[in-house]
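Take a look at the structure below.
The values are calculated or read from the model by the stated rules, or taken from the named source; none is laboratory data. As the structure is a prediction and not an experimental result, all values here were calculated from the model. Here the Cβ positions follow ideal geometry from the backbone for every residue, glycine too, while neighbour counts run over all protein chains shown.
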């Protein structure tokens, strides 16, 4: 259905001007002043801002974790995003250890297809890097359009990869032109502190915090940066919470 948005103040990264926007299907086909086109719907945007849709590069939709799922499905999450002006979200596909990256992507596509009401894309979380996984990296970058690969330095037995796997993954991702992203916390140290506090009967919310002192994030962040520098692989730490990191 062709739509004409008239007289809006268009704001981009480089421009600020008043104009009309003509949309055909899902494509902006024309931008200009006083457009004379056939539109099924006309919106008067006088006095309003018209800006490109936002992109949220870090969401978790319909994600299985620790016996439950994240609170938003693809329908509720993308709908909420649209209400806030975010038209594209990038979710994390989680490889199941022992299975292929492709099987994980197929699973996430089945969750999103027919449910998402906005645009979406994926990062691929590699939780089991081996020779078979290594062979999939090139395909994902060249054929699936997924160029960012998430890693976890915590959650052993479910999501965490060790430093040997990290180095191997970095070398392959660099070779194929991708990027590594990371959840950088020292999983072994956190697991030790969690067990210690449980054995001491310390179950209050305070000990969730005390099980993850600043050093666990600072150490892992520095270790990740060192490995990225050594391999020359582009790297991105997805969240930082403390000065030490």
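Yes or no: residue 165 part of a helix (DSSP H, G or I), surrounded by 17 or more Cβ atoms within 10 Å (Cβ to Cβ), out of contact with any helix residue (DSSP H, G or I) (no Cβ under 8 Å at 6 or more places or on another chain) and at pLDDT 95 or above? So residue 165 fits the description; yes. Selection of helices (runs of 4 or more DSSP H) fully inside the stretch 180-245 by the criterion of at least 3 residues being surrounded by 14 or more Cβ atoms within 10 Å (Cβ to Cβ) and in contact (Cβ under 8 Å) with a residue 60 or more places away in the chain returns 214-231.
Given the condition in the same structural domain as residue 149 (by TED's automatic domain parsing) and assigned to a strand (DSSP E or B), answer yes or no: does some residue in the stretch 101-120 qualify? Even if it seems obvious, please write down each step before you answer.
Let us first name the residues in the stretch 101-120 that are in the same structural domain as residue 149 (by TED's automatic domain parsing), namely 101-120.
Applying the additional criterion that residues be assigned to a strand (DSSP E or B) yields 119-120.
Looking for residues that are in the same structural domain as residue 149 (by TED's automatic domain parsing) and assigned to a strand (DSSP E or B), one finds at least one in the stretch 101-120, hence yes.
Checking the stretch 39-58 against the condition returns no match, with no residue being more than 23 Å from residue 90 (Cβ to Cβ), surrounded by 13 or more Cβ atoms within 10 Å (Cβ to Cβ), more than 22 Å from the chain's Cα centre (by Cα) and without any contact (Cβ under 8 Å) to a residue 12 or more places away in the chain.
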